[in-house]
1. Could you identify the single residue in 107, 119 that is at pLDDT below 95, assigned to a helix (DSSP H, G or I) and within 30 Å of residue 290 (Cα to Cα)?
2. Look through the stretch 162-186, keep the residues that are surrounded by fewer than 15 Cβ atoms within 10 Å (Cβ to Cβ) and under 26 Å from residue 102 (Cα atoms), and return whichever of them is nearest to the chain's Cα centre (by Cα).
3. What about residue 244, is it within 29 Å of residue 205 (Cα to Cα), free of Cβ contacts under 8 Å to residues at least 12 places away in the same chain and either touching a strand residue (DSSP E or B) at 6+ places or on another chain (Cβ under 9 Å) or assigned to a helix (DSSP H, G or I) (or both)?
4. Being surrounded by 13 or more Cβ atoms within 10 Å (Cβ to Cβ) and more than 18 Å from residue 262 (Cβ to Cβ), is that true of even one residue in the stretch 137-158?
5. Quick one: in the stretch 202-222, of everything that is in contact with a helix residue (DSSP H, G or I) (Cβ under 7 Å, 6 or more places away or on another chain) and surrounded by fewer than 17 Cβ atoms within 10 Å (Cβ to Cβ), which residue is farthest from residue 137 (Cα to Cα)?
6. Yes or no: residue 48 outside the structural domain of residue 282 (by TED's automatic domain parsing), free of Cβ contacts under 8 Å to residues at least 60 places away in the same chain, out of contact with any helix residue (DSSP H, G or I) (no Cβ under 7 Å at 6 or more places or on another chain) and not in a loop (DSSP other than H, G, I, E, B)?
7. Scan the stretch 267-279 and tell me whether some residue there is farther than 19 Å from residue 188 by Cβ and at pLDDT 90 or above.
């Protein structure tokens, strides 16, 4: 028996779906994407609102003269001309150079000291958990609070804790705040002491993630401890080193506790850093345009450094 095709006009017509049913069918087909975007959209909105909107506002204000009270007045590149000119005997260029010098010194000491400390704490030492906690404790406390305590500790009179200790060994009181030799050193050491805990933690995590089979194979081939360190440990730590150098440079360039609370930029502007200059110009002199222009310069400097670091890493490893 041959089957005949049913004419189109005699077929059972499909029921028309309501908008709600159409929406339900679309949701079933794209359920995973909807769930994913429902988690991502709030974070994207927050990221744009808290990152790109302030960045656009900063760039716009840096081309204006604004004292917060009156409306901003467009001045073009005038603020940047002040920063990169011989204004006040190249004041702002000296501030930028000084900040970079401090940041490099802090970063180098943080990496060298943190790596050495992590190597020691990674050994089988009794009570190593206590020592790890002690090294991380400075990162827990507020930098402003520690700077206030340091100010009392370095008081120039005999009431200062450090001068009291020196007096007991026959050394007269030293005016630490006005010392052009000691105050920059104290500024660097304070920042290193405050941030070295993070460095030690990340280096420890990297050391504990190295495959022990690499060390065993190298020892079988006759490698000594120095060769193990140079040819296995350090190369395996390069990804951690990249992360620490990027985040450490960002933190070092934003040092402000000591200049703000202890030295007020002295002595002879030796601790007058870029962040302290931004704060003074923006909220002290109410020159928001000049302050935000310096912030934009700092942003570009950090962007160049991070881009250079990532380029070197990708060039080295082909990623």
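The values are calculated or read from the model by the stated rules, or taken from the named source; none is laboratory data. Just so it is clear, the model here is predicted, and its values are computed rather than measured. Glycine also receives a Cβ, built like all others from the backbone with ideal geometry; neighbour counts cover every protein chain displayed.
1. Just a single option satisfies the conditions, and that option is 107.
2. Filtering first and then ranking leaves 185.
3. So residue 244 fails the test.
4. yes
5. Taking the candidates together, the pick is 218.
6. It is true that residue 48 is outside the structural domain of residue 282 (by TED's automatic domain parsing), free of Cβ contacts under 8 Å to residues at least 60 places away in the same chain, out of contact with any helix residue (DSSP H, G or I) (no Cβ under 7 Å at 6 or more places or on another chain) and not in a loop (DSSP other than H, G, I, E, B).
7. yes
Yes or no, residue by residue, for (1) surrounded by 19 or more Cβ atoms within 10 Å (Cβ to Cβ); (2) without any contact (Cβ under 8 Å) to a residue 40 or more places away in the chain:
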residue	(1), (2)
255	yes, no
266	no, no
279	no, yes
282	yes, yes
291	yes, yes
301	no, no
